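The values are calculated or read from the model by the stated rules, or taken from the named source; none is laboratory data. For clarity, every value in this text was computed on a predicted model and none was experimentally measured. Counting neighbours? That spans all protein chains shown, and the Cβs are built from the backbone with ideal geometry, glycine included.
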Amino acid sequence: MAVRSSGAKSSAGNKRSVKKAVSLAETKAVAAAKVDARADKNSLKLDVNVFKEKIVHHLRCTIGTSEKKASKLAWWQALVATANELIFDRLTQTQYTHATKDTRAVHYLSAEFLMGRLTVNNLVSLEVYNTAKSALQELGIDINELCEEETDMALGNGGLGRLAACFMDSLATLAYPSVGYGIHYENGLFRQEIREGRQIERPDSWREYGCPWEVCRPESVQEVPIGGFVETQTAPDGSIRKVWHPEHMIKGVPWDIPVVGFRGASVTILRLWESRPTESFNWDVFNAGGYVDAQNEKAAVETISKVLYPNDSTEAGKMLRLTQQYFFSSCSLRDILRRYNRTHFHDYGEFAKKIAIQLNDTHPVIAIPELMRLLVDEEGISWDAAWEIVTEVFSYTNHTLLPEALEKWPVYIFEKLLPRHLEIIYEINYRFLNEVVEAKWSGDDEKKRKLSIIEEGPCKMVRMANLAVIASRKINGVAEIHSKLVRENLFPEFSTLWPDRFCNVTNGVTPRRWMLACNPGLAELYNEIAGKDWPLHLDSCAALRPYADDPQIQKRFMDIKFKNKVALAAEIKKLCGVEVDPHAMFDVQIKRLHEYKRQHLNLLYILHLYRKLLADPAMRIVPQVFIFGAKAAPAYTLAKNIIYAINVIGDKINNDYRIRNQLKVVFMPNYRVSLAEKIIPAADISEQISTAGYEASGTSNMKFSMNGALTLGTMDGANIEIVAEAGVENNFIFGMSVKDVQELKAKGYNPWDFYNSNQDLRAVVDWLDSDFFTEDRQALASIKHSLLEGGDPYMVLADFASYCAAHKRAEEMYADKARWAHAAIMNSASMGKFSSDRSIEDYVHNIWKLKNYEIKDEI
Ligand code: 26V
C-alpha cells in the first residue's frame, strides 16, 4: 500500500516538474494549435473549397467510400460528419464554460422529443448552409436531395414532444445551461401508410442504419433497480431503515444529441437513455443452463426503450409504460447527482441552488419519489431536508385537461415494480393530508378524498398530477386560457392552498426552424425589412406591418406564398396522385386526429360545399383545396374512421367532373415534422377548430400565422392570444367560447336540437349514413352515430352554422387580393410573442431563475 502510494506521488511529482520545464514551449504550441484550429473552423465556415475537401475527406475516411460509388445516404453522412466537426468543437467550449463556472442549470425531463430532421437546421444555425450548398453543387449534388435522405427523429406524439424540441433550440440559442433528458426509443411514432383509404401502422426504425448526429457515452452509463421487496431494519438505537431488495438491475446507456443554438451561441445536449441488460444479471440463469431464459430476460429489458407509446388510453402496456417513465427519470436523476457530486462531494446544501428540474407533463413525475429515495435511502439525508430540496427543485407543466389523458397508475403495479416508491408516495400523501389539508380544511374528509394522491375505489390508483402539484414549486399551463382552467377547473383546491405556485407560460415555436429554414423566400424578405437578426428578435418582424397595404410588398409577400404553394402542389401530386391548382385557396388542418380537434367538423363543411355545387352546377365558388394530415392512435377506432371518411369523400370529390375542379380534398399520408415544414409555408387558411376549452394551446397555429396563413378557429388555447396580436379582423373566429360551452353543458346539450333545426346540417350528417361515398357505410355511419346517439361530446353540431359562416367570410376575403394580402402580412409580422425564445425567457424569469453565459473559444 505504502509503496503504491509513494509511487503514485512521485509520478505525479515528476509530471508536474516535466510540465514546468516544457511549459513555455507547450504554451506556445497550444496557442499555435488553437490559432490553427480557429483558422480551420473559419475557413470551413467560409470557404467553399475547404468545405468541399472536408466532405470528400469524410466520404472517404469516415464513411469508407468514394465519390464515384457513394450513395446519396453516404454523401449525407459525409455532410453530417463535416458539420459535426464544428458542432463538437462548440459543444466542448460550452461544457468547459459551464463546468468552470459551476453554473445553475435546468434539466428538462420529457418522455418525448419530436426533433424531426436536423441537417438543414444545424447547417443554418452554424451559418454554413450556403457554403455547404455551393460545395455540394460543385460536386454535382443537390443539397435538398441529400437532406431528404434523413429520417425524421419522431420520438414524440405531437404537440408536447415538438414543444420540447423547440425549447431545446431556444435553450441552446439563448445559451442557458441546460440538458434535455428523454428515452432513446428504438422505434418512434409509427409510420402511417394509407391503404384503400385506411390507416395502417408500420414500425418507424429511424436509426436502422445508424444516426450520425448521436454519440454514445459509455462513461456515463447508469444502473437502475426495479421490482423486488422492501425490508424494514431497526437499528440498535431504535431508528428505522428501509432497505429495498430489487429483483433486477437495468442498464441505462446514454446517447447524446447535440442541439446547436442559432449562430452557434451554445450547444446543448439532449441525452436519451437506452435500456440494456446489466453485465451481471443473466449469468445465474445462464450458468444454470438457462441460455434461452437468459436471452428472454435480456429481450425483456431491451423492450423498455423499444417503442414510443402512441396516445391511446388502452389498458395494454400500462406496466411497461410506467417502467419506461421510471427508467428514464431515474437514469436522469442519477446523472444529475453524479455531475453535482463531481464538485460538491455529496454536500447537498447547494443542490437546489444549482439544479432546476422541469417535468414535461406527468410522464416524468415518478422522479419526485425517486429523488426522495435517492436522497433519504442512498445519501442518508433526513426526510425533512430531502423534502425541502425536492420541493425547491421540481416544477411541473400541464399540457392537457382531457380526463383520459391525466395519468393514474394502479397501486398493484406500483407494488410490483416500485415498492419503495409506493411507500414514499404514501408518506408524502400522509404528511400532506394531515398537515396541510387538515390545517386548511379541518375535518373535511371530502377535501382529503379529492386531494389525496391515492384514489380510493375497487382498484386503488396513484394520481400522478396530484403528486406533481404537491411537490412542485411552480405549476404552469401553456396558454393564458388553459392556465386559468388549470387553476379554476382542474386544481381549484390546490390553487386555493397555494395560489402563488400556479402560473402561465404561453407556448412558442422556434422561428429558426419554422420560418428561416422552412421558408427561405419569406426569410429573405424579413432580412431586408427587419435586418438579419429577426430570428433572434422575432418582435422586429413588426417592421413589416407598416407595409401591409403597400402593393409592391403585398405582391412580393404573395409571390413567396405562391411559390411555396407550387412546391406543395408538386408534393401532393407525388404523395397523393392528385392534381391541385396553386391558385386555389389552400385550407389546411394538420394535427393528431382526435374528436376534440374536430376534423369531422371540417369534413361536414366540405360535404356542405360539395352538396351546394352538385345542387347548382352553374355555381362558381372560390376554388379550394382542403389539405389534411393526421395520425390516429392505433386503438382509436372513431379517429381511424374519420381518416377513412376523409379519404373516400376526397376520392369521390376529386374525381367528380361536375364540380369543375373547384373543390379538392387531399389527405397527405404519414404526417410528421418534415412534412409540416413543406405544408405550413404554403397554407392560406389554418384550421384551429377545437371545442373551446379543450386545446391547451396549439403550436401549429403559431407556425401558420408566422408564415402568413389566416386562422379559421375557435377562441381556444393560444388562438386567443394569436388574434389579439394579429387582429381579429385579419382572422376568422367562430363558434362557442369556453363560457358558452360551459353554459350549454350545464343546460344540457342535445345535438338533435341542432340536427333537427338546420336543413343543411341534417343533409350532410345523413349523407354519412348512405352508400354514396363507399360501400362500407358502417365506417362513415359511425361518425353520424357519435354526433347523435353518441351525444356529440365535442359539440360539433352546435358550432356548424357558425363554422360555415366563417368559411364564407374567408372565401369572400380571398376574392379580394389586397385585403387578403394585408391580413396575411399582419399575421406574419405580429408573431413576435410566439417565439419559443420568449417562452424560455418566461420560464427562466418566473420558474428556473437561470443566468446565461457567453460561450467563448477558450480551449
Ligand atoms: C394524451 C392522451 C392520452 C390518452 C388518450 C387520449 C390523449 C389525448 C391527448 C393527449 C395529449 C397529451 C399532452 C399533449 O400533447 N398536449 C398538447 O401539448 C401541446 C404543447 O403544450 C399543446 O400545444 C396542445 O394544445 C396539447 O394538446
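Taking Asp684 as the residue in question, decide whether it is closer than 20 Å to Leu601 by Cα, touching an Asp or Glu at 6+ places or on another chain (Cβ under 8 Å), more than 13 Å from the ligand (Cβ to nearest atom) and among the acidic types (Asp, Glu). Explain how you work it out, then say what you get.
On the way: closer than 20 Å to Leu601 by Cα: yes; touching an Asp or Glu at 6+ places or on another chain (Cβ under 8 Å): yes; more than 13 Å from the ligand (Cβ to nearest atom): yes; among the acidic types (Asp, Glu): yes.
Criteria met by Asp684.
Any residue at all in segment 135-149 that's crowded, with 24+ Cβ neighbours inside 10 Å and in contact with a strand residue (DSSP E or B) (Cβ under 9 Å, 6 or more places away or on another chain)?
No, segment 135-149 has no match at all.
For segment 657-665, state whether one or more residues are within 30 Å of Ala618 (Cβ to Cβ), aliphatic (A, V, I, L, M) and crowded, with 23+ Cβ neighbours inside 10 Å.
Yes, the conditions are met somewhere in segment 657-665.
Do we have Met115 as within 16 Å of the ligand (Cβ to nearest atom), of a type in the set (A, V, I, L, M, F, W, C) and either without any contact (Cβ under 8 Å) to a residue 40 or more places away in the chain or touching a Leu at 6+ places or on another chain (Cβ under 8 Å) (or both) here?
Here the answer is yes, as Met115 does meet what is asked.
Would you confirm whether any residue within segment 670-679 is among the polar types (S, T, N, Q), within 24 Å of Pro520 (Cβ to Cβ), surrounded by 24 or more Cβ atoms within 10 Å (Cβ to Cβ) and within 21 Å of the chain's Cα centre (by Cα)?
Within segment 670-679, none of the residues are among the polar types (S, T, N, Q), within 24 Å of Pro520 (Cβ to Cβ), surrounded by 24 or more Cβ atoms within 10 Å (Cβ to Cβ) and within 21 Å of the chain's Cα centre (by Cα).
Search segment 615-638 for residues that are within 16 Å of the ligand (Cβ to nearest atom) and pair each with any residue that is in a loop (DSSP other than H, G, I, E, B) and among the charged types (D, E, K, R) when their beta-carbon atoms are under 7 Å apart and the residues are at least 6 apart or on different chains.
From residues that are within 16 Å of the ligand (Cβ to nearest atom), the pairs are Ala630/Lys591; Ala630/Arg592; Lys631/Arg592; Ala633/Asp312; Pro634/Asp312; Ala635/Asp312; Tyr636/Asp312.
Got a sec? Which of Ile859, Ile825 is surrounded by fewer than 21 Cβ atoms within 10 Å (Cβ to Cβ), under 30 Å from Cys166 (Cα atoms) and of a type in the set (A, V, I, L, M, F, W, C)?
Ile859
Quickly run through segment 210-227 and pick out the residues that are assigned to a strand (DSSP E or B) and either among the hydrophobic types (A, V, I, L, M, F, W, C) or touching a helix residue (DSSP H, G or I) at 6+ places or on another chain (Cβ under 7 Å) (or both).
Correct list: Val215, Cys216, Gln222, Val224, Ile226.
For segment 152-165, does any single residue satisfy the condition of being of a type in the set (Asp, Glu), within 16 Å of the ligand (Cβ to nearest atom), out of contact with any Pro (no Cβ under 9 Å at 6 or more places or on another chain) and closer than 23 Å to Lys591 by Cβ?
Within segment 152-165, the first condition is being of a type in the set (Asp, Glu), and the residues that meet it are 152.
Checking the rest, the ones that are also within 16 Å of the ligand (Cβ to nearest atom) come to none.
No, there is no match, as no residue in segment 152-165 is of a type in the set (Asp, Glu), within 16 Å of the ligand (Cβ to nearest atom), out of contact with any Pro (no Cβ under 9 Å at 6 or more places or on another chain) and closer than 23 Å to Lys591 by Cβ.
List the pairs whose first member sits in segment 162-186 and is on the phi > 0 side of the Ramachandran plot and in contact (Cβ under 8 Å) with a residue 40 or more places away in the chain, whose second member is part of a loop (DSSP other than H, G, I, E, B) and of a type in the set (Gly, Ala, Ser), and whose Cβ atoms are under 9 Å apart, counting only residues at least 6 apart or on separate chains?
Between residues of segment 162-186 that are on the phi > 0 side of the Ramachandran plot and in contact (Cβ under 8 Å) with a residue 40 or more places away in the chain and residues that are part of a loop (DSSP other than H, G, I, E, B) and of a type in the set (Gly, Ala, Ser), the close pairs are Ala175/Gly261; Ala175/Ala265; Ala175/Ser266.
Can you tell me which residue within segment 712-732, out of those that are of a type in the set (D, E, K, R) and within 16 Å of the ligand (Cβ to nearest atom), is surrounded by the fewest Cβ atoms within 10 Å (Cβ to Cβ)?
The qualifying residue surrounded by the fewest Cβ atoms within 10 Å (Cβ to Cβ) is Glu721.
Every residue, every condition in (1) within 30 Å of His107 (Cβ to Cβ); (2) at pLDDT below 95, yes or no:
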{"position": "Leu768", "(1), (2)": "no, no"}
{"position": "Glu775", "(1), (2)": "no, yes"}
{"position": "Ser782", "(1), (2)": "no, no"}
{"position": "Met795", "(1), (2)": "no, no"}
{"position": "Glu812", "(1), (2)": "no, no"}
{"position": "Asp837", "(1), (2)": "yes, no"}
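Select, from Arg191, Arg195, the only residue that is basic (Lys, Arg) and out of contact with any Pro (no Cβ under 9 Å at 6 or more places or on another chain).
Arg195
Could you name every one of the helices (runs of 4 or more DSSP H) located completely within segment 767-859 that has at least 1 residues being touching a helix residue (DSSP H, G or I) at 6+ places or on another chain (Cβ under 7 Å) and free of Cβ contacts under 8 Å to residues at least 60 places away in the same chain? Give the derivation first.
Working: elements: 777-787, 796-815, 817-829, 836-843.
Counting at least 1 such residues, we get 777-787, 796-815, 817-829.
Name the residues in segment 641-650 that are more than 22 Å from Ala618 (Cα to Cα) and not polar (S, T, N, Q), would you?
Of everything in segment 641-650, those that are more than 22 Å from Ala618 (Cα to Cα) and not polar (S, T, N, Q) turn out to be Ile642, Ile643, Tyr644, Ala645, Ile646, Val648.
Could you say whether any residue in segment 194-213 is within 17 Å of Asp256 (Cα to Cα), surrounded by 20 or more Cβ atoms within 10 Å (Cβ to Cβ), of a type outside the set (A, V, I, L, M) and in contact (Cβ under 8 Å) with a residue 60 or more places away in the chain?
yes
Working only within segment 318-344, note down all residues that are more than 18 Å from Thr103 (Cβ to Cβ) and of a type in the set (Phe, Trp, Tyr).
Listed by number, the residues that qualify are Tyr326, Phe327, Phe328.
For segment 598-614, which residues satisfy the criterion of being without any contact (Cβ under 8 Å) to a residue 60 or more places away in the chain and either under 25 Å from the mean Cα position of the chain (by Cα) or within 16 Å of the ligand (Cβ to nearest atom) (or both)?
Gln599
Considering only segment 551-581, how many residues are among the β-branched types (Val, Ile, Thr) and assigned to a helix (DSSP H, G or I)?
4
Being more than 30 Å from Glu480 (Cβ to Cβ), more than 16 Å from the ligand (Cβ to nearest atom) and in contact with a Leu (Cβ under 7 Å, 6 or more places away or on another chain) narrows it down to one residue among Glu370, Glu302; which is it?
Glu370
Which condition number in (1) of a type outside the set (Val, Ile, Thr); (2) buried (at least 20 other Cβ atoms within 10 Å of the Cβ); (3) in contact with a Leu (Cβ under 6 Å, 6 or more places away or on another chain) is the one that Gly159 fails?
With (1) of a type outside the set (Val, Ile, Thr); (2) buried (at least 20 other Cβ atoms within 10 Å of the Cβ); (3) in contact with a Leu (Cβ under 6 Å, 6 or more places away or on another chain) applied to Gly159, the lone miss is (3).
Among the residues of segment 392-425, write down those that are crowded, with 16+ Cβ neighbours inside 10 Å and hydroxyl-bearing (Ser, Thr, Tyr).
Ser395, Tyr396, Thr397, Thr400
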